[in-house]
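Read-outs: derived from the displayed coordinates by stated rules, not from any lab. Bear in mind the structure is a predicted one, so any value in this text is a computation, not a measurement. No Cβ is skipped: glycine too gets one built from the backbone with ideal geometry, and neighbour counts run over all protein chains shown.
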Amino acid sequence: MRRRSLLLAVPAGLLTLAGCGDDKADKADKAKPSDSPANSPSAAPTAKIVAGPLPEITKGDKFGQKPTVAKGPGKASSDLAVKTLIEGKGKEVVKGDYLQADYLGQIWATAKVFDNSYDRGNPTVFPIGVGRVIPGWDQALVGKKLGSRVELAIPPKMGYGEEGNKQAGIKGSDTLVFVVDLVGTFNGKSSSKGREVAQSNKDLPKVGTNTDGKAPSIDIPKTDAPDKLVSTYVLEGDGEEIKETDSVLCQYKGVQWADGKEFDSSYKGGQLAQFQLAQVVKGWGQGLTGKKVGSRVLIVIPPKLGYGDQPPQGSSIKKGATLVFSVDILAKG
């Protein structure tokens, strides 16, 4: 996709949306809901939704607590079992949203936990309802309300299919049990909601502070571009600080310092951008590291930390261009 390739320091094909979190956690947690065998909505199977059977939660039964879940009671259903354990009061999850959720997954027959986000200390963020997670998640979670805890028993055809997931110890015949806490959603109209920070340096671009989901303005001053990286708050959020190993979900707009013309924007297509900081140009990685979730950040990237004399093929970025970005950090993970 053009939008991601413009940000990447490596070929676009190397950027994936499967599993988030730090490297150590990802090595330990071998299978995630986003490790789906289905690559498109048309390829995903559907199932009848039933109320059970479902195993009992023996500990951690409150929203946000890591649950302990018993073995499956007897034979699992061949249908998709779904039960809302806690009914949230937030807005409904919509197909195409980026869903932010905590979850624990285990095998029905053995209660062996193969993955959970609670130990990583950060909810996972992924597109829902569009074939980017296992089919059972896509079908069961769309329409649920934020703040809800949902338990799922997913038959093989709605999970990892006949091949299973050998690395995680999941066989093709295994029914999977998940407990999912629905934390938040984001879409193409999302904006950061932090407090405004004074933009008093007349030698730096001024960025709009609107939070209506529309692209902010970026006004370039009639001065020479700085030769060092600039990263400063426009809106300062109150979330966690971003680490250089994190994955982030964001809205952004990019212009060239020389002419102020926009060359790329997530707002135009109405699709958010999600990437790992290690996989984007150095100026992005360095500029967002240490900034808080919920913020809008101005980043000015000198050529040596951007694309230098090798701008992406097919883009309007000129050789040696200084790049200016407004970035809304919506979530990490």
| said: Less than 16 Å from a label point 7 Å out along the Cα-to-Cβ axis of K66: which backbone N atoms in the range 119-162 qualify, by residue? | reply: 119-124
| task | Compute the label zone of T211 within the range 227-242: residues whose backbone N is under 16 Å from the point 7 Å along Cα-to-Cβ. | result | 233-240
| task | Step through the table entries K59/K193; K95/K166; K206/K282; K71/K91, compare each Cα-Cα distance with 24 Å, and write down the pairs that go over it. | result | K59/K193; K95/K166; K71/K91
| Whole-number D in µm² s⁻¹ for the chain, Kirkwood Cα-pair radius fed into Stokes-Einstein, 25 °C, 0.890 mPa s | 117
| request: Can you pull the one-decimal nm distance between simple spin-label points at K157 and K91, each 7 Å off the Cα toward Cβ? | output: 3.5
| message | Just to check I understand the Karplus step: with θ = phi - 60° and J = 6.51 cos²θ - 1.76 cosθ + 1.60, what whole-Hz values come out for the range 56-61, glycine and proline as x? | response | 7, 8, 9, 8, x, 8
| field | Charge sum, other residues only, whose C-beta stays under 11 Å from S217's C-beta, Lys/Arg counted +1 and Asp/Glu -1 | value | +1
| query | What nm value, rounded to one decimal, do you get for the distance between A258 and S315 when each label is placed 7 Å out toward the C-beta? | reply | 1.4
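Note down the magnitude of the dipole of the range 240-333 about its Cα centre, charges +1 on Lys and Arg C-beta and -1 on Asp and Glu C-beta and zero elsewhere, to the nearest 20 debye.
With Lys and Arg at +1 and Asp and Glu at -1, about 120 debye.
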